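Reading through the structure tokens given below for one structure.
Quick note: the coordinates plus some simple rules give every number you see, no bench work behind them. Every value quoted in this text rests on a predicted model; they were computed, and no experiment measured them. Ideal geometry is used to build each Cβ from the backbone, glycine not excepted, and the neighbour counts take in all protein chains shown.
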Amino acid sequence: MSTADDIAKAAELLAAATRPVGFTGAGVSAESGIPTFRGAGGLWEQFRIEDVATPEAFERNPRMVWEFYNLRRRAVFQAQPNAAHTAFARLEEIFPAFVLITQNVDRLHQRAGSRRVIELHGNLCETRCTNCGRVDDKSGVELGDLPRCEACGGLLRPAVVWFGEPLPPGAWAQAEEAANRADCMIVVGTSAQVYPAAGLVAMAKRHGAAILEINLEPTPVTPLADVSIFGRAAEILPAVVDRAEWMLQSGRGSRVP
Ligand code: OAD
């Protein structure tokens, strides 16, 4: 099938849904200039996970961990949402029940206008005090190499989930519920290698959701997917959403918009 056929099929499945869910990874922000983790040019080629993204690394060398996160924070604050982020925000307008589950920590979905976003891995905007637990939004703020809590002077950490740490329980419960209720899941820009997040796709599938995938290359999601479209998220997702919206407006979807 050609890409145009795949887009048409994905749009048809989406237009037939009433409770679609999005599930995104780093690839959705790649065209905003934010590096992904795996693959050529990915962050894990330059940095070792165990040096910068585990609680043990932070205990051993908080300065090095903060250096890594300050670099990433600067990149994210300078970046702009792209057409894929905007397309997800439109899905929220088209489908009142649409929920977006993201592994991304860059908050670009929210900056593009998405309101119902479940952040599975935390975010780079906020800090959390390792002593008193206070959480502050430090979007756009330069933090220095060992930032301290304004309330108690304790060492701050980025409010992200590190390897070996549990996911925020509230976010995980909401994500599971959304995946179980979904009748369509649009999986964009994730290598689907990090669990438990990646398990949400099989969960949605078991509960009867159609699975649509957009990625540059095949992933472990591909065998589960009803349609996999191989291409850039910022190009393919807007095309799928445009076509699904047109189908709904012209009465070609299964529900009245
Ligand atoms: P990865 O870096 O593992 O995967 C990014 C995926 O996006 C790959 O499958 C690419 O093929 C795809 N991709 C790249 N550019 C794309 C584009 N323009 N359009 C569409 N797809 C594109 O990122 P994640 O799957 O998000 O966890 O990684 C999951 C988790 O592992 C992250 O949340 C992070 C990481 O280590 C933590 O930090 C806990």
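Hey, can you tell me all the residues within the stretch 160-180 that are touching a strand residue (DSSP E or B) at 6+ places or on another chain (Cβ under 8 Å) and more than 11 Å from the ligand (Cβ to nearest atom)?
Within the stretch 160-180, PRO168, ALA171, GLN174, ALA175, ALA178, ALA179 qualify.
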(message) Looking at (1) farther than 30 Å from GLY253 by Cβ; (2) free of Cβ contacts under 8 Å to residues at least 40 places away in the same chain; (3) not β-branched (Val, Ile, Thr), which one does GLU93 not meet, given that it meets all the others?
(response) (1)
(request) Only residues that are within 10 Å of the ligand (Cβ to nearest atom) and aliphatic (A, V, I, L, M): list them for the stretch 190-223, please. (result) ALA192, VAL194, ALA197, ALA198, ILE214, LEU216, VAL221
(request) Restrict the check to the stretch 56-70 and report whether at least one residue is without any contact (Cβ under 8 Å) to a residue 40 or more places away in the chain, among the aromatic types (Phe, Trp, Tyr) and within 14 Å of the ligand (Cβ to nearest atom). (result) yes
(request) Return yes when ILE94 is away from the ligand (no atom under 12 Å from the Cβ), surrounded by fewer than 19 Cβ atoms within 10 Å (Cβ to Cβ) and within 20 Å of the chain's Cα centre (by Cα) and no when it is not. (result) yes
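Given the residues ARG157, ARG148, which is the only one that is within 16 Å of the ligand (Cβ to nearest atom) and over 25 Å from ASP6 (Cα atoms)? Show your work before the answer.
On the way: ARG148 fails: within 16 Å of the ligand (Cβ to nearest atom).
Answer to the check: ARG157.
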(message) Please go through (1) among the small types (Gly, Ala, Ser); (2) within 22 Å of CYS125 (Cα to Cα); (3) touching a Phe, Trp or Tyr at 6+ places or on another chain (Cβ under 9 Å) for GLY170 and return the number of the only condition it doesn't satisfy.
(response) (3)
(request) Would you mind finding the one in ALA30, ALA53, ALA11 that is small (Gly, Ala, Ser), touching a residue at least 24 places away in the same chain (Cβ under 8 Å), more than 10 Å from the ligand (Cβ to nearest atom) and out of contact with any strand residue (DSSP E or B) (no Cβ under 6 Å at 6 or more places or on another chain)? (result) ALA11
(message) Please go through the stretch 104-126 and give me each residue that is touching a residue at least 60 places away in the same chain (Cβ under 8 Å) and either among the acidic types (Asp, Glu) or not in a strand (DSSP E or B) (or both), ordered by number.
(response) ASN104, ASP106, LEU108, HIS109, LEU120, HIS121
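Yes/no per residue for (1) touching a Leu at 6+ places or on another chain (Cβ under 6 Å); (2) within 21 Å of LEU43 (Cα to Cα); (3) among the charged types (D, E, K, R):
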| residue | (1), (2), (3) |
| --- | --- |
| ARG107 | no, yes, yes |
| GLU119 | no, yes, yes |
| CYS125 | no, yes, no |
| VAL135 | no, no, no |
| SER139 | no, no, no |
(request) For CYS129, work out the one condition from (1) touching a residue at least 60 places away in the same chain (Cβ under 8 Å); (2) away from the ligand (no atom under 16 Å from the Cβ) it doesn't fulfil. (result) (1)
